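See structure below.
A short reminder: the numbers here are calculations on the coordinates, not readings from a lab. Fair warning: this is a prediction, and the values are worked out from it, not measured in the lab. FYI the Cβ positions are ideal-geometry reconstructions off the backbone, even for glycines, and counts take in every protein chain you see.
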Amino acid sequence: MKILVTGGAGYIGSHTVLSLLNKNFDVVVYDNLCNSSEESLTRVKQLTGKTVEFIEGDIRDKEKLSSVFTAHKITSVIHFAALKAVGESSQIPLSYYQNNVHGSICLLEVMEKFGVQDFIFSSSATVYGEQNTAPYVETMTLGRPSSPYGTSKVMVENVMADFALANNKFRGVSLRYFNPIGAHESGQIGEDPKGIPNNLLPFVAQVAVGKRDKLNIFGDDYPTKDGSCERDYLHVMDLAEGHVAALNWLHKHDTFAGVEAFNLGTGQGISVFQIVNAFEQATGQTIPFDVAPRRAGDLAAFWANAEKANTELDWQAKRNLDDMMVDTWRWQSGNPNGYRKDDGIS
Ligand code: NAD
Ligand code: WQD
């Protein structure tokens, strides 16, 4: 079994590569390093004592991608490579559609050329849009996300569905992630955002380590338990293991063809204030904060119905909120500048 992991040097990709290696899969990583560093894979190799081949390349470069399929007998693809900054996607939407949608199509074309059918795609809870109410279930009609980033995920899901209709051997799995946070328990790999973090936990962690003065909590007047937004936060190692479960599901269902979607979340909504409290409790750090105006595009509350992944993939999030906080802090405090040698502040 040789698994091609696009975007495997990134946050979720590197944790998934670690899980795959620990389960004795052979892994080839293909990443253009536009939002990551090869250092993550060096550390994955140290942690697992296993090798992983790395090829620096862009998924839109079909020639280079083809050379990877020629050199390696790839059996399955896990496709993480994408641009993911929600706010930025409204500034440069064409780059997001180019990279995320056109890039995914290039990858599917090369897979088709080489007769590789098994495809696991990084989708997102954002595909449910504001038309659906929580808990989100896979049977819901996809909504209209509020950003080009979110729309790019819906578009790729639609491309997969149409491709499956035309190619009765294609075996696609769409994993709809909720809010992954945390880091591997070693504290050696973790999330390493460039510049000012957009996401809550990286920002909280950078306040704790002294790189940012205080957190802005975007809104305390939502119709939620304490007025701040609620999300379904899950540990990145649980998410990584969800990919191994999806691969195992594909292998077990050897006659399956088509596309199947699974939510990967805990099924629980946690508010921003609860996150700040949990981080303070777990780490002993104080997080100064201000309540700021709502952030455009934020939904008040959403979380997963994770029953389908529980029953069909035999997957369940095992780590609790305390684990997520402690592991975030172990990574951030041990690596204040992430994988970089400079201070990374911008
Ligand atoms: P990340 O930016 O850390 O990882 C993405 C990786 O893809 C990076 O290493 C980047 O260098 C690479 N990449 C980007 N464009 C590429 C291209 N054209 N060719 C080759 N490599 C390319 O992001 P992440 O948080 O690990 O997210 C992984 C996937 O999961 C993405 O598809 C993202 O949209 C999706 N996702 C993430 C979240 C989240 O909260 N982090 C939630 C839902 C879905
Ligand atoms: C969480 C909560 C903010 C930062 C995004 C994408 C989604 C998915 C995951 C990829 C919200 C609040 C945040 C801050 C704050 N990514 N917040 N102060 O927006 O749920 O999801 O990442 O697919 O598509 O939209 O995650 O971490 O940005 O925010 O108060 O400095 O924290 O308002 O309520 P979000 P987030």
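Ranking VAL156, ILE217, TYR177 by Cα position along the charge dipole of region 149-264, where only Lys, Arg, Asp and Glu carry charges on their C-beta atoms, puts VAL156 farthest toward the positive end. For region 191-299, the Cβ-based charge dipole about the Cα centre amounts to some 260 debye (Lys, Arg positive; Asp, Glu negative; other atoms uncharged).
Sort TYR97, TYR136 so that the residue with the fewest other Cβ atoms within 10 Å of its own Cβ comes first and the one with the most comes last.
Working: TYR97 18, TYR136 23.
Ascending Cβ contact count within 10 Å gives the list TYR97, TYR136.
Checking the table LYS62/LYS113; LYS153/LYS318; LYS45/LYS84; LYS2/LYS73 against a 18 Å threshold on Cα-Cα, which pairs fail?
Details: LYS62/LYS113 11 Å; LYS153/LYS318 27 Å; LYS45/LYS84 26 Å; LYS2/LYS73 7 Å.
Checking Cα-Cα distances, LYS153/LYS318; LYS45/LYS84 exceed 18 Å.
Bridge orientation summary for region 24-143: considering DSSP beta bridges with both residues in this region, about 0 percent are antiparallel.
Evaluate the charge dipole of region 281-341 about its Cα centre and quote only its size in Debye, nearest 20, assuming +1 on the Cβ of each Lys and Arg and -1 on the Cβ of each Asp and Glu.
Charge dipole, region 281-341, about its Cα centre: 360 debye, nearest 20.
Here PHE80, PHE25 are placed in order of increasing Cβ neighbour count within 10 Å, fewest first, which gives PHE25, PHE80.
Once the convex hull of all Cα atoms in region 1-141 is built, its volume per residue stands at 132 Å³. Of the residues HIS79, ILE3, SER40, the one whose Cα sits farthest towards the positive end of the charge dipole of region 1-98 is ILE3 (charges of +1 on Lys and Arg Cβ, -1 on Asp and Glu Cβ, taken about the Cα centre). Taking N as the residue count of region 201-337, its C-alpha radius of gyration divided by 2.2 N^0.38 Å amounts to 1.22. Simple point charges give the picture: +1 on the Cβ of Lys and Arg, -1 on the Cβ of Asp and Glu, and for region 275-316 a dipole about the Cα centre of about 200 debye.
Would you compute, from DSSP H runs of 4+ residues alone, the mean residue ellipticity of the chain at 222 nm, taking -39500 (n - 2.57) per run and dividing by the full residue count, rounded to the nearest 500?
On the way: 11 runs with 124 residues, N = 346.
Rounded to the nearest 500, it is -11000 deg cm²/dmol.
Contact order, relative form, for the chain: 19 percent (alpha carbon pairs under 8 Å, 6 or more residues apart, mean separation divided by residue count).
The lysines within cross-link reach of LYS211, meaning a Cα-to-Cα straight distance under 17 Å and a gap of 8 or more places when in the same chain, are LYS194, LYS341.
Taking the C-alpha atoms only, the angle from helix 39-48 to the longest principal axis of the chain is near 80 degrees. In a DSSP loop and with at most 12 other Cβ atoms within 10 Å, there are no GluC sites (Glu not before Pro) in region 122-172.
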